[in-house]
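The values are calculated or read from the model by the stated rules, or taken from the named source; none is laboratory data. Predicted model only: the values in this text are computed from it and were never measured. Heads up, the Cβs are rebuilt from the backbone with ideal geometry, glycines too, and the neighbour counts pull from every protein chain shown.
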Amino acid sequence: MRPEDRERAQVESSTRVVDHHVATAGKNPREYLEDLVGDTLYYERQRLEREPRGDARTRADTAFYHKVQRRLRHASNADLRELLEEIARRFAAEVVGNFDERVYKLTTTAVPAGLSVMLNAMSPRRSGSLSSLGAGLSGHIQTQGETDHVRDLLDRGTLVVVPTHSSHLDSIVLGYSAHLLGLPPLLYGAGLNLFNNPLVSFFMNHLGAYRVDRKKKARLYKDVLKEFASVAVEMGYHNLFFPGGTRNHSGAVEQHLKRGLLGTAIRAYVENLRAGRPKPEIFIVPCTISYKLVLEAETLVDNHLKETGKSQYIIDRDEFSRPRRVLNFMSDLVSLDGRIVLTFSKPVDLVGNEVDRQGRSLDPRGRVVDPRRYVLSDGAPAHDAQRDMEYTNGTAERIAQAYLRDNVIMSTHVVAWSLFRMLERKNPHLDLYRLIRTGGTTPSLPISEVAGEVDRTLLAISELGTRPRMGSDLEQGDTLDIIADALRYFGTYHTQPAALRRGDRVFPKDMKLLYYYGNRLRGYELGRQLAERREETLSP
């Protein structure tokens, strides 16, 4: 966020949150407001007990909350409001980012070019290619889909881009892709742990990132965070939200989306209409980010298997926190001519209607509708929590559908899926976790059987009602080429390969990675499709 807007955003978001709670408390606010302050103290003390004692931020927070605790004991109603205001302003100051156009220009020009030169220098296969140096980082990022449509909407309202989330690289890749497409910078929330590295923190702070501390569980903090996002959209900042929340640990395409930040877009739209802003419209743009290899795959799938069902599990240190691993990942991407594919889906309005290139909302029959009518009450724009939740649910469903439709599957996904399915069939007595832990009783598979399974998988995908997009590596090669391409990638970056070929046999080596990459095909009812096809093949 630009320096001239920082204070305004902080004051507006914290004031709105406090005003809302004071209004909710009613005529006898003491108990309600005491509980709200007490809730904050409880969760913040819990958090601080787990933080490093010598950290300057920890010491400052501890001293602040000690003062709040002392004042709370004898606080009047006016004092309670003042305490809430101080806490909310503190939260808002922690959250707000500091966009700097000079750093943005540096990062989107000099830094990618320099990074590309360095990576090519590390990659013997590419070191002599002047054309590859000239291509820069952009040569390894492919954007497709409704890119012209998205550009057309820039002058008609505010964009909220909602991508899938597999890696900490996502916001960097998407931010740079937006630059290549001629889109303005995107404001986005980034986990506080990403600011711990001084170099990364410098660029995060100056490229539109605002801080999200997922360790903070206090209701007031979450309210301030959501209100800040709403205020930023109202101020015309194009935003990036990850509706899946944290990175997807399983490797699958997100289908269970969090509604909190999505709901802020409706709040911002109502406020835009109330203020009579000239371009009040807000457009939701789903975007699917597809990788052949994922930087943090080993850590993510390991924690998915350990913490299944615990959506709030937080990973403090992973591959992204180790610069050498990031550098190795990028170097392998370059040496293998790898591509990160971003697919922009059709934009929708705040209730899930498709939007045409003139910014007009279209109902399911293609008729133009006025989105303002969805948020009117007695002829005026108004907030309605239950109504807005219904709209947000509808929009989330459309985003989830777009993710499945525009997911780009690649050789690593198909081969991993096929190998894991074969091993499941050969070890019917083992549940998922025992299969992953032991690898089963089949140490290797004939390449001919693997090729047959890959063929069946590709055919089943082609017959799905809702099916993903095929990567170029699946369209251009025959089955053995597809397998070879996947094994080549599996044999580069990770600590040990997911699978490798020796002679005419394929040896699964890391069951967790096979499970992770194969999960990119979950959600398409592909297992049922393959089972039906296998039954047809075996029937006399």
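Overview of results
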| read-out | value |
| --- | --- |
| Residue 102 exposed (fewer than 15 other Cβ atoms within 10 Å of the Cβ), charged (D, E, K, R) and modelled with pLDDT under 90 | yes |
| Single unsatisfied condition, residue 427 versus (1) closer than 15 Å to residue 527 by Cβ; (2) surrounded by 14 or more Cβ atoms within 10 Å (Cβ to Cβ) | (1) |
| Selected residue (criterion: farthest from the chain's Cα centre (by Cα)) from residues of the range 381-417 that are of a type in the set (S, T, N, Q) and within 28 Å of residue 145 (Cα to Cα) | 411 |
| Subset of the range 353-384 (residues that are touching an Asp or Glu at 6+ places or on another chain (Cβ under 7 Å) and either among the small types (Gly, Ala, Ser) or part of a strand (DSSP E or B) (or both)) | 355, 359, 361, 362, 369, 377 |
| The range 447-472: number of residues that are surrounded by 16 or more Cβ atoms within 10 Å (Cβ to Cβ) and charged (D, E, K, R) | 4 |
| Near pairs, Cβ below 8 angstrom, 6+ apart or cross-chain, from the range 176-191 (surrounded by fewer than 19 Cβ atoms within 10 Å (Cβ to Cβ)) to any residue that is polar (S, T, N, Q) and modelled with pLDDT of 80 or more | 180/143; 181/143; 181/147 |
| Residue in the range 521-540 that is more than 25 Å from the chain's Cα centre (by Cα), closer than 13 Å to residue 415 by Cβ and charged (D, E, K, R) present | no |
| Test: residue in the range 377-386 that is in contact with a His (Cβ under 9 Å, 6 or more places away or on another chain) and either modelled with pLDDT of 90 or more or not hydrophobic (A, V, I, L, M, F, W, C) (or both) | yes |
| Residue 406, sole failed condition from (1) free of Cβ contacts under 8 Å to residues at least 24 places away in the same chain; (2) in contact with a Gly (Cβ under 8 Å, 6 or more places away or on another chain) | (1) |
| Matching residues in the range 385-415 - criterion: being within 30 Å of residue 518 (Cβ to Cβ), part of a helix (DSSP H, G or I) and not aliphatic (A, V, I, L, M) | 393, 395, 397, 398, 401, 403, 405, 406, 411, 412, 413 |
| Matching residues, the range 372-394, being within 23 Å of residue 275 (Cβ to Cβ) and out of contact with any Lys or Arg (no Cβ under 9 Å at 6 or more places or on another chain) | 372, 373, 376, 378, 379, 384, 385, 387, 391 |
| Verdict on residue 487 being in contact with an Asp or Glu (Cβ under 7 Å, 6 or more places away or on another chain), of a type in the set (A, V, I, L, M) and buried (at least 18 other Cβ atoms within 10 Å of the Cβ) | no |
| Test set (1) over 21 Å from residue 9 (Cβ atoms); (2) at pLDDT 80 or above - residue 197 fails condition number | (2) |
| Residue 442 vs. criteria at pLDDT 90 or above and over 26 Å from residue 167 (Cα atoms) | yes |
| Filter result for residue 40 (polar (S, T, N, Q), at pLDDT 95 or above and surrounded by 17 or more Cβ atoms within 10 Å (Cβ to Cβ)) | yes |
| Inter-residue pairs, beta-carbon under 8 Å, first closer than 14 Å to residue 503 by Cβ and in the range 440-455, second assigned to a helix (DSSP H, G or I) and of a type outside the set (A, V, I, L, M, F, W, C), 6+ apart | 450/418 |
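Conditions tested, residue by residue: (1) in contact (Cβ under 8 Å) with a residue 24 or more places away in the chain; (2) within 28 Å of residue 410 (Cβ to Cβ); (3) buried (at least 24 other Cβ atoms within 10 Å of the Cβ); (4) in the same structural domain as residue 7 (by TED's automatic domain parsing).
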{"residue": "219", "(1), (2), (3), (4)": "yes, no, no, no"}
{"residue": "223", "(1), (2), (3), (4)": "yes, no, no, no"}
{"residue": "248", "(1), (2), (3), (4)": "yes, yes, no, no"}
{"residue": "265", "(1), (2), (3), (4)": "yes, no, yes, no"}
{"residue": "269", "(1), (2), (3), (4)": "yes, no, yes, no"}
{"residue": "276", "(1), (2), (3), (4)": "no, no, no, no"}
{"residue": "279", "(1), (2), (3), (4)": "yes, no, no, no"}
{"residue": "301", "(1), (2), (3), (4)": "yes, yes, yes, no"}
{"residue": "307", "(1), (2), (3), (4)": "yes, yes, no, no"}
